[in-house]
Amino acid sequence: MGKRRLLAVCLIASFVLCSCGKDDPVQEQNITITDEEEDGRYEAVEIEMPDPLRPENAQGSDYAGDDFSGVVSDLQGRPAIYYDTFSIEGEEYFATLTRWTLMETNDWKQEELCENSLSEFLNQKYEQIGWKWFKLNQFCRGDDGSLYGIFTYCVKEMAKGGEGEESVDTEMETQRYSVLQIDEENDQIFEIPLADFVHTQEVRFRLEEDTASGIDFTDYHIFEDGNILLIYTESGGEYGKLVDGETGQTLQELGNIVNGRKRFAFGENELIFFSGENNQFRVLSIPDLTEDNVFGSQLSEEVTSKEWQYYTNPDTWELFLCNETGVYSAVSYLDSDEVSCLTDHTDLSQLSSVAMDEEHILNFLVGEDTDFYICLTGPWESQEIGLKASQYRLIYYKKA
């Protein structure tokens, strides 16, 4: 009898427990995303590059990857790629400036610009000096809104030997440089010759395939008044010259700005870079290089030890900083130490190749609504066709 009572109690208890489970459904857990977390969330989209920048096309005549230095804002602030192409018929040059603009659909729109002015410039220049080779690259957008590029050309010269029977003339090659101001809308080119930038060497000390030796322009910037700051590598450091935007004459020698190779940001009248001496960013006024501010002391060494890229909004002068650890903003870099991370809650796995030294960040720019674009480059090789080239990728981070 006792066993039957115990079994009945157990059955009743089981029924009650099952009934409770039906009457009280399991409460769902609500996950709240704060405004701060929402602001720091971006989605990554890889943008397919135009055909002239794909490494498998490196043997083609329209390949633009050899001198590509990164994406540039177009006249409307959209990411764009610029490069020149030319052909020779008889002794006449036919040239054009190609612009690929990234549209809202993440497709590229191709346009041919400055066909008349660029062809006329090359023909007149060649008639004057008769170069061995030339190149037009390192395109950038100036604070005045114009597009600019570095024009390099190499001429052959003979240096007379001294007196005597054994005296012989020496064949020399001289590289000269100009900044070209390019009016995309009106098909006009303006040359700013850089008279103080000349590189000469004996031909016998140059490898036949070497056309890269010469002055190494790390960066340059055109201020709103038209004057140009040119930064170049020399003797293991970065040096600078401020030149007149019309004549190209040197206005002021800045001398040695910093030792080692650096990337720079440009403010309204400032030069900004990361200093390894105090692990902070320095803000120097132009042209006297007076230190106006330092900032970024709260960033960890794990963040600051990476190579930095920069973008300055030419309308608001807000400064953005980027490396493989994320994108940062320094709104008040002239009078504040504060640097805020914009990507705290963003998956940055697309940049893992940079951390593993498989790629590096070529440059980046910021678009509307603080969306941003990071351009990556790294080596590429096809054993099947025996081809080596540079590979470029553009990663678009948009607000989630």
Members of region 33-64 found to be at pLDDT 90 or above, under 23 Å from Glu104 (Cβ atoms) and either open to solvent by 60 Å² or more (accessible area, probe 1.4 Å) or of a type in the set (Lys, Arg) (or both), listed by number: Glu43, Glu46, Glu48, Asp51, Arg54
In region 225-241, the residues that are open to solvent by 30 Å² or more (accessible area, probe 1.4 Å), of a type outside the set (S, T, N, Q) and at pLDDT 95 or above: Tyr239
Tally of residues being at pLDDT below 90, exposed (fewer than 15 other Cβ atoms within 10 Å of the Cβ) and on the phi > 0 side of the Ramachandran plot across region 348-383: 1
Some residue of region 280-299 being surrounded by fewer than 17 Cβ atoms within 10 Å (Cβ to Cβ) and under 26 Å from Cys375 (Cβ atoms): no
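Considering region 292-335 alone, what residues qualify as being hydroxyl-bearing (Ser, Thr, Tyr), farther than 19 Å from Ser349 by Cβ and touching a residue at least 12 places away in the same chain (Cβ under 8 Å)?
Answer for region 292-335, where residues must be hydroxyl-bearing (Ser, Thr, Tyr), farther than 19 Å from Ser349 by Cβ and touching a residue at least 12 places away in the same chain (Cβ under 8 Å): Ser297, Thr304, Tyr310, Tyr311, Thr312, Ser329, Tyr333.
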Pairs, first closer than 17 Å to Pro79 by Cβ in region 94-123, second open to solvent by less than 40 Å² (accessible area, probe 1.4 Å) and of a type in the set (Lys, Arg), C-beta under 7 Å, six or more apart: Glu111/Arg99; Leu113/Arg99
Qualifying residue in region 386-393 (condition: part of a loop (DSSP other than H, G, I, E, B), more than 15 Å from Val303 (Cβ to Cβ) and either touching a strand residue (DSSP E or B) at 6+ places or on another chain (Cβ under 8 Å) or open to solvent by 30 Å² or more (accessible area, probe 1.4 Å) (or both)): yes
From Ile228, Ile272, Ile215, Ile222, residue being in contact (Cβ under 8 Å) with a residue 40 or more places away in the chain and either farther than 23 Å from Tyr311 by Cβ or among the small types (Gly, Ala, Ser) (or both): Ile215
Any hit, region 251-260, residues being under 27 Å from Asp66 (Cβ atoms) and surrounded by fewer than 17 Cβ atoms within 10 Å (Cβ to Cβ): yes
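Do we find that Leu334 is under 20 Å from the mean Cα position of the chain (by Cα) and surrounded by 16 or more Cβ atoms within 10 Å (Cβ to Cβ) in this structure?
Taking the combined requirement at face value, the residue does not satisfy it.
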Hits in region 170-188 - residues which are open to solvent by less than 10 Å² (accessible area, probe 1.4 Å) and in contact with a Gly (Cβ under 6 Å, 6 or more places away or on another chain): Leu180
Residues (closer than 29 Å to Asp344 by Cβ and out of contact with any strand residue (DSSP E or B) (no Cβ under 6 Å at 6 or more places or on another chain)) located in region 42-77: Glu48, Gly77
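With the structure loaded, tell me whether Val168 is of a type in the set (Val, Ile, Thr), at pLDDT below 95 and either part of a strand (DSSP E or B) or under 25 Å from the mean Cα position of the chain (by Cα) (or both) or whether it fails that test.
Judged against the criteria, Val168 is not a match.
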Qualifying residue in region 145-159 (condition: of a type outside the set (Asp, Glu), surrounded by fewer than 16 Cβ atoms within 10 Å (Cβ to Cβ) and at pLDDT 95 or above): no
Yes/no for Glu307 being part of a loop (DSSP other than H, G, I, E, B), surrounded by fewer than 16 Cβ atoms within 10 Å (Cβ to Cβ) and under 19 Å from the mean Cα position of the chain (by Cα): yes
Any hit, region 171-191, residues being at negative phi, touching a residue at least 24 places away in the same chain (Cβ under 8 Å), outside any strand (DSSP E or B) and of a type in the set (S, T, N, Q): no
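The values are calculated or read from the model by the stated rules, or taken from the named source; none is laboratory data. Small disclaimer: the values here were computed from a predicted structure and weren't measured. Here the Cβ is made from the backbone with ideal geometry for all residues, glycine too, and neighbour counts use every protein chain on show. Side chains included, ligands, DNA and RNA excluded: accessible areas come from the protein's heavy atoms. Shrake-Rupley method; radii C 1.70, N 1.55, O 1.52, S 1.80 Å.
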